[in-house]
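Visitor: Provided herewith is a single structure, encoded as structure tokens, for subsequent inquiry.
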Amino acid sequence: MIVIAYGSEITKNTYDTLAASDIGDYLKPDYSVSLKPNLVVPGPASNGAVTHPEVVLGVIKYLKDFGVKRIKIIESSWIGDSTKRAFEFCGYNELGKKYDIPLIDLKSDSCTTLKHSGYEIEVCNEALNTDFLINIPVLKAHCQTRLTCCLKNLKGCIPDSEKRRFHTLGIHKPVAALNALIKTGYCVVDGICGDLSFEEGGNPVTSNRIIAGRDPVMIDSYCAELIGYYPDDIEYLRYAKKIGVGKYYSKDTKIVELNTENKSIVNVSNLYAADRYRGLINEDAACSACYSSLVYALHRLGGRVRVDGNINIGQGFKGKTGKGFGVGACTQGFDKCVQGCPPKAKDIVEALS
């Protein structure tokens, strides 16, 4: 089961997504719950690199209403940066104080060495000694692994020495093994404005969606297609499936969409990541989730597309017909159209190439 909520009301949509999900089948009020956001660097969430505190707030409010009393936020920023600075700069200190939630810097945590798939991995004890881990990554592209979302976010649950070693080992298989060692209770993906190409942010693409589900492999396989990849294109995702961490989403996966009538209209002038492609696009009242799929697809193709004229996208094309290429259900009257509301970037890549 995957639940998706659209729109810019981040905290409310996060809460509603969990309320519509099956998390209650696995969570108990007396559990200790650890929240693992992505705070890779001290920077604003609007840059597309870190988890919005409003998403974490939505999770906290849901947990408290569910009856959970023991909640922690755990994280370790990337090598060379301070988790404490990230907690402060990204708005988590204020969140922790207001709701009496401890912030745990895993860089200072003790570790336990565990084995899986031929790897010995040191794992921070705070990530192991919890009844229920909620993984709250950012959906964004990555310069080395193509996608970073649920599975790769758990790399923040190992010490810096292991983060370095993962890269010497080729990163993909160790990430898969790590996810077999750390049991994820539930995933809540921040799909508000993930970066176009780089884990550190700077090229955000507004999508305005929250995505939640139990299986991190299923969620990541779904998210891979949203940004233009087949699941098997992501090497660590392929390994994770192979060793039994989870399964890919399929046509049989139950998808629940919330607030589809409230999909926000994208402010194209704010999408500076898309500036290089704007000359290819004829946009009229496009939803942000739809527009972001097109931007991810064009980035994958390097702007090299085979179409006559511009690519049409947006609600302004509803009911219109004509020659040309359209993206999204609103443009189904054109000769060629990539269906979907929103379409996946993977499907747009296939059509445009």
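The values are calculated or read from the model by the stated rules, or taken from the named source; none is laboratory data. Remember, predicted model here, so these are calculated numbers, not experimental data. Please note: Cβ atoms are built from the backbone with ideal geometry, for glycine as well, and neighbour counts cover all protein chains shown.
Visitor: Please work out which residue is surrounded by the fewest Cβ atoms within 10 Å (Cβ to Cβ), limiting yourself to region 318-333 and to residues that are at pLDDT below 90 and not in a loop (DSSP other than H, G, I, E, B).
Guide: By that ranking, first place goes to Lys323.
Visitor: Being in contact with a Pro (Cβ under 8 Å, 6 or more places away or on another chain) and surrounded by fewer than 20 Cβ atoms within 10 Å (Cβ to Cβ) is the filter here, so list the residues in region 69-93 that pass it.
Guide: Taking region 69-93 first, the residues in contact with a Pro (Cβ under 8 Å, 6 or more places away or on another chain) are 69, 72-73, 75-77, 81-82, 85-86, 88-92.
Residues satisfying the conditions are Lys69, Lys72, Asp81, Ser82, Arg85, Glu88, Phe89, Gly91.
Visitor: Filtering region 300-312 down to residues that are in contact with a Gly (Cβ under 6 Å, 6 or more places away or on another chain) and closer than 21 Å to Ala289 by Cα, which residue is surrounded by the fewest Cβ atoms within 10 Å (Cβ to Cβ)? Break it down into steps so the answer makes sense when it comes.
Guide: Of region 300-312, the ones in contact with a Gly (Cβ under 6 Å, 6 or more places away or on another chain) are 300, 309, 312.
From what is left, the residues that are closer than 21 Å to Ala289 by Cα are 300, 312.
Working: Arg300: 21, Asn312: 26.
Only one residue tops the list, namely Arg300.
Visitor: Ser293 passes all but one of (1) among the hydroxyl-bearing types (Ser, Thr, Tyr); (2) within 27 Å of the chain's Cα centre (by Cα); (3) surrounded by fewer than 24 Cβ atoms within 10 Å (Cβ to Cβ); which number fails?
Guide: Only one criterion is unmet by Ser293, namely (3).
Visitor: Checking Val50 against (1) free of Cβ contacts under 8 Å to residues at least 60 places away in the same chain; (2) under 21 Å from Pro204 (Cα atoms), which test does it fail?
Guide: In the conditions (1) free of Cβ contacts under 8 Å to residues at least 60 places away in the same chain; (2) under 21 Å from Pro204 (Cα atoms), Val50 misses (1) alone.
Visitor: Any idea which residue in region 162-177 is surrounded by the most Cβ atoms within 10 Å (Cβ to Cβ), counting only those that are at negative phi and free of Cβ contacts under 8 Å to residues at least 60 places away in the same chain? Show your work before the answer.
Guide: Within region 162-177, the first condition is being at negative phi, and the residues that meet it are 162-169, 172-177.
Then drop every residue that is not free of Cβ contacts under 8 Å to residues at least 60 places away in the same chain, which leaves 162, 165-169, 174.
Working: Glu162: 20, Arg165: 16, Phe166: 21, His167: 11, Thr168: 8, Leu169: 15, Pro174: 24.
Across region 162-177, the extreme among qualifying residues is Pro174.
Visitor: Here's something else I'd like to know. Could you list all residues from region 1-42 that are of a type in the set (Phe, Trp, Tyr) and either touching a helix residue (DSSP H, G or I) at 6+ places or on another chain (Cβ under 8 Å) or farther than 18 Å from Ile101 by Cα (or both)?
Guide: Residues of region 1-42 of a type in the set (Phe, Trp, Tyr): 6, 15, 26, 31.
If the condition is that a residue be of a type in the set (Phe, Trp, Tyr) and either touching a helix residue (DSSP H, G or I) at 6+ places or on another chain (Cβ under 8 Å) or farther than 18 Å from Ile101 by Cα (or both), then Tyr6, Tyr15, Tyr26 are the ones that fit.
Visitor: For region 192-214, give me the residue count where each residue is under 19 Å from Ser8 (Cα atoms) and either of a type in the set (Lys, Arg) or modelled with pLDDT of 85 or more (or both).
Guide: Number of matching residues: 13.
Visitor: Across region 334-345, what is the total count of residues that are under 23 Å from Ser197 (Cα atoms) and modelled with pLDDT under 90?
Guide: 1
Visitor: Okay, moving on. So if I check each of Asp30, Asp16, which one is closer than 27 Å to Ser250 by Cα and of a type in the set (Asp, Glu)? Give the derivation first.
Guide: Values: Asp30 fails: closer than 27 Å to Ser250 by Cα.
Selected residue: Asp16, the only one of Asp30, Asp16 that is closer than 27 Å to Ser250 by Cα and of a type in the set (Asp, Glu).
Visitor: Please specify each residue of region 105-119 satisfying the condition of being without any contact (Cβ under 8 Å) to a residue 60 or more places away in the chain, of a type outside the set (Lys, Arg) and surrounded by 12 or more Cβ atoms within 10 Å (Cβ to Cβ). Step through it out loud before you land on a result.
Guide: Taking region 105-119 first, the residues without any contact (Cβ under 8 Å) to a residue 60 or more places away in the chain are 105-113, 115, 118-119.
Now drop any that are not of a type outside the set (Lys, Arg), which leaves 105-106, 108-113, 118-119.
Passing the criteria: Asp105, Leu106, Ser108, Asp109, Cys111, Thr112, Tyr119.
Visitor: Looking at Asp81, Asp109, Asp65, can you tell me which residue is acidic (Asp, Glu), at pLDDT 95 or above and under 30 Å from Leu169 (Cβ atoms)? Spell out the reasoning first.
Guide: Working: Asp81 fails: at pLDDT 95 or above; Asp65 fails: under 30 Å from Leu169 (Cβ atoms).
One residue alone meets the criteria, Asp109.
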